[in-house]
1. Scanning for something part of a helix (DSSP H, G or I), modelled with pLDDT of 85 or more and either surrounded by 19 or more Cβ atoms within 10 Å (Cβ to Cβ) or within 16 Å of the chain's Cα centre (by Cα) (or both), does the range 49-60 turn up at least one residue?
2. Provide a single number: the residues in the range 167-186 that are surrounded by fewer than 23 Cβ atoms within 10 Å (Cβ to Cβ) and either closer than 18 Å to residue 78 by Cα or within 11 Å of the chain's Cα centre (by Cα) (or both).
3. In the range 141-159, which residues are in a helix (DSSP H, G or I) and touching a helix residue (DSSP H, G or I) at 6+ places or on another chain (Cβ under 6 Å)?
4. It is to be established whether one or more residues within the range 161-177 are closer than 23 Å to residue 60 by Cβ and outside any helix (DSSP H, G or I).
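The values are calculated or read from the model by the stated rules, or taken from the named source; none is laboratory data. Quantities reported herein were computed from a predicted structural model and do not represent experimental measurements. Because the Cβ atoms are built from the backbone with ideal geometry, glycine has one as well, and the counts that use them run over all protein chains shown.
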């Protein structure tokens, strides 16, 4: 079969090799249906439905604000601690939800993988896109925060789509690796849940990055600081907090460029791993 032919047998490379227009159209249509299904499935049977995209980060914002600003006396240097938290939570929820759903994207669609011939990578892509849809809906929360805390959107907010794109690439790259790995090692899905919980506290969402630099001494402090700095989500979340809460351009461009590089590496590795093992999916799921 020629390399420019669409391969409907789970070939990851198929949509990446300039297939015929008809194949592209079929892929887009199928991807749209998968995203719609994933979004609807997340809230099927729920009373609040899509409103959970707003309610969930709002509740956590209130809890963290009360606990850390009133009881833990966490000193915050900025305009609004609640707005700072919500900006970080929105980015983190996109990342964690996308990573979780991507990990189970192949296994949870075992029936499709065994019986239907199509490019299976679309299952993982659609799960990340569904998380992106939820994130975009949750951005509605920013409107009352801008009003209540007198935050004036400025030019730095134009960088938000770029940050979203970097996050999407990072989640997709990691998600492809995890989705493939979860086919062969089912415990991986549970391990991801534990790792993302730890990962959350290694990301400056409820505390500021400046605190990490201030306490970067001693074995424990240096180790924690190193993990925070090596974490690409640190720089994505911090940049989103800068453009939303502080109305300023990202203050750590070196970190943001590092996050971009890590996202690119993740996509390259994810595509390679997924493409190498995809032929065994049908027999393993």
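1. Looking through the range 49-60, none of the residues is part of a helix (DSSP H, G or I), modelled with pLDDT of 85 or more and either surrounded by 19 or more Cβ atoms within 10 Å (Cβ to Cβ) or within 16 Å of the chain's Cα centre (by Cα) (or both).
2. Residues in the range 167-186 being surrounded by fewer than 23 Cβ atoms within 10 Å (Cβ to Cβ) and either closer than 18 Å to residue 78 by Cα or within 11 Å of the chain's Cα centre (by Cα) (or both): 2 in total.
3. Keep residues of the range 141-159 that are in a helix (DSSP H, G or I), which gives 141-148, 155-159.
141, 145, 156, 157, 159, listed by residue number.
4. Taking every residue of the range 161-177 in turn, none turns out to be closer than 23 Å to residue 60 by Cβ and outside any helix (DSSP H, G or I).
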